[in-house]
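First up is the structure itself, then whatever we jot down about it.
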Amino acid sequence: MDCVTQCVKAVMGSSSDSDDTNTKSQNFIRVKAIVTLKHSDDGLLKNLVDGGIQQVEELVGKTLVLELVSNELDQAANSSEKETAKGLAQFTEEKENDEQYEAEFELSVNFGKVGAIFVENEQHKEVFLKSIVLHGFSDGPLNFTCNSWIQPKHDSPAKRVFFTDKSYLPSQTPKGLRRLRKEELVLLRGNGEGERKESDRIYDYDVYNDLGDPDTSIELKRPVLGGTKQYPYPRRCRTGRKHSDADPLYEKRSTLNFYVPRDESFSEIKQTQFNTSTISSGLTAVIQSLDTILTDPNLGFASFEDIEEIYKEGFHLPPLKSNDLTFLQKVIPKLIKVANDSQNLLRFDAPEPLKRDRFFWFSDVEFARETLAGANPYSIQLVKEWPLKSKLDAKVYGPQESAITREIIELQIITYSTFEEAIKEKKLFMLDYHDLYLPYVSKVREIEGTTLYGSRTLFFLTNQGILKPLAIELTRPIIDGKPQWKQVFTPASHSTNLWLWRLAKAHVLAHESGHHELISHWLRTHCVVEPIIIATYRQLSSMHPIYRLLHPHLRYTMEINKVAREVLINANGILEISFFPKKYTMELSSVAYDKLWQFDLQALPNDLINRGMAVEDPNAEHGLKLAIEDYPFANDGLLIWDAIKQWVTDYVNHYYPSPEIVESDEELQAWWTEIKTVGHGDKSEEAWWPKLKTQKDLIDIITTIAWVASAHHSAVNFTQYPYGGYFPNRPTIARNKMPTEDPTKEEWEKFINKPDQALLECFPSQIQATIFMVILNILSAHSPDEEYIGEKIEPSWGENPTIKAAFEKFHRRLKEIEGIIDSRNENKNLKNRNGAGIMPYESLKPFSGPGITGKGVPYSISI
């Protein structure tokens, strides 16, 4: 037998092959620990087999050190903590995805129950510890779910501690674990000093002072968001990077690899789909390649046929370096087709609505339908007051009265209803982007290649249950000495007015796309959830039941947000290139946070009531009567909301049988206080923050957080490419003003002679459209390792029979909801989700496969 084989056997034979709990002595219990690490490409077995004698000798000693910690104090030693039981975990076998280690311990019968394990990594590099299972106890195996990176001891000498899968409120913590519970939270909080290293596990707060880049150019300076009354904003994760030389208020952007706590990073599977290097390098390659072809970055599409060619022939890219091609293939899965050695194509799959109906985007009915069942179903609202009137200062912005009059409405609904009936029966609805955008019109218009109006769009609810567009009002405030300009456009049969309507609709769609991406999506999900995640790690122990309830909803969000800060929402980033506010893009989201965001209104029922889309009705399903019965997002969303709330109710009531326990939970109260006063500190004085005194308070808070991280995000994310991938349906920018706004003779004649060209020139440029189509394709795709809500039980939930039963009920309900949604989509009476050429509404179907599917509700904001 050769030396390598002997050494391998020596390593593998160091653990017992038996789980027999009988020991040689009646005073000891023999315990075996099975340790599972995520597979490493240069795992120990490979090194043993391939590395030779010297490497074997080096590696045999490299292992994991485990220390078992008792739940109990040592009564014989003045109630101090009991001495730990130490053991070496040696490598035993390598499986397809895992590496397994084993350790043995002899525990005194007086040791008490094991409540925690210390882990030290004596290997040369970090390892990902998945789980530890202790065998040998009379009441069965003891499980520790870890899922954490362990740094080498020489880099991080502090021992890592992991608690069992059993959950404890702070007051119920076994005495032997109380110190460890508190100390672990202290470590996670850090001291607020120094620059964070990639391997750190510290969760702390900072303002958004890293979007601008004044060191590169003063033109890239942007407001610091958060910490001021002028620009209030949620907090992000602190990185501690050095501050700018040009302006000390800013952090440097010299490296595009911002810190997030080590355990927040993407898995290897997720990294393949989406990571910082491939995004930044890949998009650079796309931009550079398109620049080669498009000498004019403002060049638009010459015809609608040219737009359709993207999906048929693709963009022909010049030869790329092999590394660039690799990046492109990673960034744009399945989009880069290598035709031959010298030709590459940037080709997009036709979005589903385009496949079903080539002219879907031209339809007024589809324009209205998508406010209820499209990529942004969060903006449509009931007209609650008449006449419509601005709340902005008339001296600054011009007259407050809307130009949409009763007479205009009556002409549009004359065959359906009277004006009085429409108001009384609550049949008028609106997209209102007037007061939010109007203060930015003059600023945005100073930038070349974009324009802006304040806008209102009115709809009428017909007896068929669908919305009919009635009127679009576009407003330019007092600007450059000119008086306020406003005009109302209506659907028309006359060619001139019809083309003006189409152009006005393009402006509204750009407003809607911006509101969707910046507010409904980024602000109301990604941005506001990050400080909640930070507070959860800082204030709730990993053994806290609420931490374990929330944990699936936290996955990947901090990582995707840091990628956004690196390449999407930064100065001259993808959003500034693509969207109408340009350099004011993120500033505008701060204004929206200030004026529009309330925590309590993020709950779906409250959101619907606030927008006038529902009223409370104890006799109606879900306790709400919808203003539009066939409102696919609301109907399906309320199913998911109720399912989440019932699951959270069962869970909370188990751990908190009385309100006194809620009020006395010091970790829970500190968590909620920190969210309000630090994470969302710029709104800490608002009266609408919920109290946290009863089980109901806690249920409502947790349900809202879970809803936002899962279903809200899914509803506005995973149909981005289906509805926005054909950009005329959802242009991100309107580049030219309306032909009727102070036109020159030449401008008017150009519009009259070639109205379709006016529309094409208003749409995004070729490079703007193409770049954002790439982004939408990436953002709309599910990763192969996606974790869908209610699909699989968390190990800690399975430890408790009551919680396990509640989860199984939750899972069954979600399966039922899938069937309900399918049956709704087959119902011919539901015209907002069924009909010729209409894409069924599947955004809130709980489960999905990988890729762009237009369905699936992951637990977390994972993309």
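Report whether or not residue 222 is buried (at least 20 other Cβ atoms within 10 Å of the Cβ), touching a residue at least 12 places away in the same chain (Cβ under 8 Å), outside any helix (DSSP H, G or I) and of a type in the set (Lys, Arg).
Taking the combined requirement at face value, the residue satisfies it.
Would you point out the residue of the range 614-652, among those that are of a type in the set (D, E, K, R) and under 21 Å from residue 830 (Cβ atoms), that is most open to solvent (accessible area, probe 1.4 Å)?
Top of the filtered list is 629.
State whether the residues of the range 254-262 include one that is open to solvent by 50 Å² or more (accessible area, probe 1.4 Å), modelled with pLDDT under 95 and either in contact with a helix residue (DSSP H, G or I) (Cβ under 8 Å, 6 or more places away or on another chain) or under 27 Å from residue 117 (Cβ atoms) (or both).
Yes: the range 254-262 contains one or more residues that are open to solvent by 50 Å² or more (accessible area, probe 1.4 Å), modelled with pLDDT under 95 and either in contact with a helix residue (DSSP H, G or I) (Cβ under 8 Å, 6 or more places away or on another chain) or under 27 Å from residue 117 (Cβ atoms) (or both).
Just give me the residues in the range 708-747 being open to solvent by 10 Å² or more (accessible area, probe 1.4 Å), closer than 25 Å to residue 523 by Cα and touching a Cys at 6+ places or on another chain (Cβ under 7 Å), in sequence order.
735, the sole residue that qualifies.
Quick check on my filter: what residues within the range 748-792 are closer than 30 Å to residue 803 by Cα and either open to solvent by 50 Å² or more (accessible area, probe 1.4 Å) or over 36 Å from the mean Cα position of the chain (by Cα) (or both)?
784, 787, 791, 792
Filter the range 69-107 down to the residues that are polar (S, T, N, Q) and closer than 23 Å to residue 126 by Cα, then identify the one that is surrounded by the most Cβ atoms within 10 Å (Cβ to Cβ).
90
Residues are listed down the side, and each one gets a yes or a no for (1) over 21 Å from residue 148 (Cβ atoms); (2) assigned to a loop (DSSP other than H, G, I, E, B); (3) of a type in the set (A, V, I, L, M, F, W, C); (4) at pLDDT 95 or above:
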| site | (1), (2), (3), (4) |
| --- | --- |
| 25 | yes, yes, no, no |
| 31 | yes, no, yes, yes |
| 37 | no, no, yes, yes |
| 40 | no, yes, no, no |
| 47 | yes, no, no, no |
| 55 | yes, no, no, no |
| 59 | yes, no, yes, no |
| 68 | no, no, yes, yes |
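Does residue 475 fit the bill of being assigned to a loop (DSSP other than H, G, I, E, B) and crowded, with 20+ Cβ neighbours inside 10 Å?
So residue 475 does not fit the description; no.
Please verify whether residue 687 is open to solvent by less than 60 Å² (accessible area, probe 1.4 Å), of a type in the set (A, V, I, L, M) and either in contact (Cβ under 8 Å) with a residue 12 or more places away in the chain or more than 20 Å from residue 809 (Cα to Cα) (or both), treating the condition exactly as stated.
no
Which ones in the range 567-614 are under 30 Å from residue 770 (Cα atoms) and among the aliphatic types (A, V, I, L, M)?
567, 568, 569, 571, 574, 575, 577, 586, 588, 591, 592
Considering the range 173-201 alone, what residues qualify as being open to solvent by 30 Å² or more (accessible area, probe 1.4 Å) and part of a loop (DSSP other than H, G, I, E, B)?
Selection gives 190, 191, 192, 193, 194, 195, 196, 197, 198, 199, 201.
State the number of residues belonging to the range 572-594 that are among the small types (Gly, Ala, Ser) and modelled with pLDDT under 95.
Result for the range 572-594: 2.
So residue 430 fits all but one of (1) in contact with a helix residue (DSSP H, G or I) (Cβ under 7 Å, 6 or more places away or on another chain); (2) crowded, with 22+ Cβ neighbours inside 10 Å; (3) not in a loop (DSSP other than H, G, I, E, B); what number is the exception?
(1) is the only condition that residue 430 fails.
List pairs: first residue in the range 644-659 and among the β-branched types (Val, Ile, Thr), second residue assigned to a loop (DSSP other than H, G, I, E, B) and crowded, with 17+ Cβ neighbours inside 10 Å anywhere in the structure, Cβ distance under 8 angstrom, at least six positions apart or on different chains.
644/789
The values are calculated or read from the model by the stated rules, or taken from the named source; none is laboratory data. Everything numeric in this text was worked out from a predicted model, so none of it was measured. FYI the Cβ positions are ideal-geometry reconstructions off the backbone, even for glycines, and counts take in every protein chain you see. Side chains included, ligands, DNA and RNA excluded: accessible areas come from the protein's heavy atoms. Shrake-Rupley method; radii C 1.70, N 1.55, O 1.52, S 1.80 Å.
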